[in-house]
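Remarks on the structure that follows.
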Amino acid sequence: MSDTQRPPEHGGRLSERERTKVEGRFGMVLLLLIIAVFFSISAPDGLWAWLATAIILAASLSIAMWASGVRPKVVRAWLGVAVLGIGASILIAITQEVRPAGGYLAVANLLLTLATIGAIARRLWQHAEISVLTVLGALCIYVLLGMSFAFVFEAVGNLRSQPFFASQETGTRSDYMYFSFITMASVGYGDLTPQGGLGRALAVIEALFGQIYLVTAVAALVGNLGRARVP
């Protein structure tokens, strides 16, 4: 029986061997997500950078699905969806103008991040004990939230006639990703500011989500390491 099919031991708890394997997978997901964020901010704005980010996200999704213990058929199905999304992104980027293509690619990447959040949340919900695995999964979700908002900002900025930022006509993938994490961390350098009601509302929602998530979910998990969850 494979690891993904083996039933959990002791009322939902994992054995030490299984826990080590899953923690390693979630650690790999977190590393891939950090690489995707760094690459999105530091890489020059262009089609190849967008597509490389989509490929990294697809890899993160497949590993998260694998670590979530879902059936192999489901993992293969989601991999097929990710490949189709990347192929559609390439086709859109080739046939459409640069700005609308960036918006469509942002929507495709947003779907990948939301699917990854769902896969990780599913695995954590089934875990009966709060451990390093739970904290790693929560950190992955935090990074994915920042990336999701960045893709929302990019889609809004590229698919609407009004620029998203007040200080410049157009924004790059680097600008949106940088602005998203700075907003979520409540740093507020002020070099990039949204204009219009929609952009400002989205920025406020992200700041609220980021702070509430850190001071409640992550802090509670860290403070309860090693304890069993209430059924």
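The values are calculated or read from the model by the stated rules, or taken from the named source; none is laboratory data. Just so we're clear, the structure is a prediction, and the values are computed from it rather than from any experiment. Heads up, the Cβs are rebuilt from the backbone with ideal geometry, glycines too, and the neighbour counts pull from every protein chain shown. Each accessible area value is taken on the protein alone, full model and side chains, heavy atoms only, with ligands, DNA and RNA left out. Shrake-Rupley method; radii C 1.70, N 1.55, O 1.52, S 1.80 Å.
Data table
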| item | result |
| --- | --- |
| Label point 7 Å beyond Cα of Phe38 along Cβ direction - residues of segment 174-206 with amide nitrogen under 16 Å | 178 |
| Area of Ile130 that stays accessible when all protein chains are in place (1.4 Å probe, Å², to 10) | 20 Å² |
| Percent breakdown of C-alpha pair distances by 10 Å bin, ordered from the shortest bin, for segment 90-182 | 16, 38, 26, 14, 5 |
| Proximal charge balance of Asn109 [Cβ under 14 Å; K/R count +1, D/E count -1] | 0 |
| With 5 Å bins from 0: P(r) over segment 48-202, alpha-carbon pairs, percent | 2, 9, 18, 19, 17, 15, 11, 7, 3, 1 |
| Accessible-area order (highest first, 1.4 angstrom probe) of the listed residues Trp125, Trp48, Trp78, Trp66 | Trp125, Trp48, Trp66, Trp78 |
| Burial ranking of peptide ranges 153-164, 190-201, 137-148 (average Cβ count within 10 Å, highest at the top) | 137-148, 153-164, 190-201 |
